[in-house]
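> Have a look at the structure that comes next, please.
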Amino acid sequence: MRQNRSTSGVASLLVTLLLGGIIVEMSLIGMLLITKTQNANSGIRQSQDTLSAAQSGLDDGILTVIRNKNGPYGDKNFTVGVATVEVGFCKNAYSKNSDCDTPAVGIYEVSAVASTGLKRRKMAAQLRVDAITGLVVVESIKEVVF
């Protein structure tokens, strides 16, 4: 009888250790998956915040052109939340291959680049300004991939 008790104790110990090891591994895998998901969601949120900051900069640039149609326009830098925004202007020109490389009378281009950490997003708008009436028409707004 003594041999049965000691043998069954060893078997119980091995089964307990094996099940404990499996439970610990499953817990570690679960923690790893949760961490990866949180990091991915954080990157998406940061990208969306950066795009919103670029849109804010673009709106500010369009309002600047509406208020002062004849310029001069200097580049603007400001902060929206944790994002830094750079707003640039092209008067009587627009960007085709590089900044302000294509002349066009009455066309203004406003661009805003926002950066948050490693994320950067750029938005650009083309405006048509009537020299006589001063009417400003937004012809296009787009996100520029760079």
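The values are calculated or read from the model by the stated rules, or taken from the named source; none is laboratory data. Small disclaimer: the values here were computed from a predicted structure and weren't measured. Using ideal geometry, Cβ is built from the backbone for each residue, glycine included, and neighbour counts are taken over all protein chains shown.
> Is it fair to say residue 138 is under 19 Å from residue 74 (Cβ atoms), in contact (Cβ under 8 Å) with a residue 40 or more places away in the chain and either assigned to a strand (DSSP E or B) or of a type in the set (Gly, Ala, Ser) (or both)? I'd like the intermediate steps shown before the answer.
Working: under 19 Å from residue 74 (Cβ atoms): no; in contact (Cβ under 8 Å) with a residue 40 or more places away in the chain: yes; either assigned to a strand (DSSP E or B) or of a type in the set (Gly, Ala, Ser) (or both): yes.
Criteria not met by residue 138.
> Can you name the residue in segment 42-60 that is in contact with a Lys or Arg (Cβ under 7 Å, 6 or more places away or on another chain) and of a type in the set (S, T, N, Q) and is also nearest to residue 138 (Cα to Cα) among such residues?
50
> Taking residue 145 as meeting all but one of (1) under 19 Å from the mean Cα position of the chain (by Cα); (2) surrounded by 11 or more Cβ atoms within 10 Å (Cβ to Cβ), write down the number of the exception.
Every listed condition holds for residue 145 apart from (2).
> Can you pull out every residue in segment 86-113 that is modelled with pLDDT of 90 or more and touching an Asp or Glu at 6+ places or on another chain (Cβ under 8 Å)?
Result: 86, 87, 88, 89, 111, 112, 113.
> Follow-up question, since we're still on this one. Return yes or no: is residue 59 of a type outside the set (A, V, I, L, M), surrounded by 11 or more Cβ atoms within 10 Å (Cβ to Cβ) and assigned to a helix (DSSP H, G or I)? Give the derivation first.
Working: of a type outside the set (A, V, I, L, M): yes; surrounded by 11 or more Cβ atoms within 10 Å (Cβ to Cβ): yes; assigned to a helix (DSSP H, G or I): yes.
Taking the combined requirement at face value, the residue satisfies it.
> Is segment 92-101 home to any residue that is in contact with a Leu (Cβ under 7 Å, 6 or more places away or on another chain) and assigned to a strand (DSSP E or B)? Give the derivation first.
The first filter runs over segment 92-101 and keeps only residues in contact with a Leu (Cβ under 7 Å, 6 or more places away or on another chain), leaving none.
No, the conditions are met nowhere in segment 92-101.
> When you scan segment 73-99, how many residues do you find that are hydrophobic (A, V, I, L, M, F, W, C) and more than 20 Å from residue 141 (Cβ to Cβ)?
First, the residues of segment 73-99 that are hydrophobic (A, V, I, L, M, F, W, C): 78, 80, 82-83, 85, 87, 89-90, 93.
Next cut, more than 20 Å from residue 141 (Cβ to Cβ) only: 82.
Looking only at that region, the number is 1.
> Please find, within segment 95-115, the residue that is farthest from residue 45 (Cα to Cα) out of those that are surrounded by fewer than 21 Cβ atoms within 10 Å (Cβ to Cβ) and among the hydroxyl-bearing types (Ser, Thr, Tyr).
102
> Assuming residue 91 fulfils every condition listed in (1) under 30 Å from residue 47 (Cβ atoms); (2) buried (at least 16 other Cβ atoms within 10 Å of the Cβ) apart from one, which condition is it?
(1)
> Scan segment 62-85 for residues that are aliphatic (A, V, I, L, M), surrounded by 13 or more Cβ atoms within 10 Å (Cβ to Cβ) and over 12 Å from residue 114 (Cβ atoms) and jot them down. Spell out the reasoning first.
So the first thing to find is which residues in segment 62-85 are aliphatic (A, V, I, L, M), and the list is 62-63, 65-66, 80, 82-83, 85.
This time we only want the ones that are surrounded by 13 or more Cβ atoms within 10 Å (Cβ to Cβ), so: 62, 65-66, 80, 83, 85.
The answer is 62, 65, 66.
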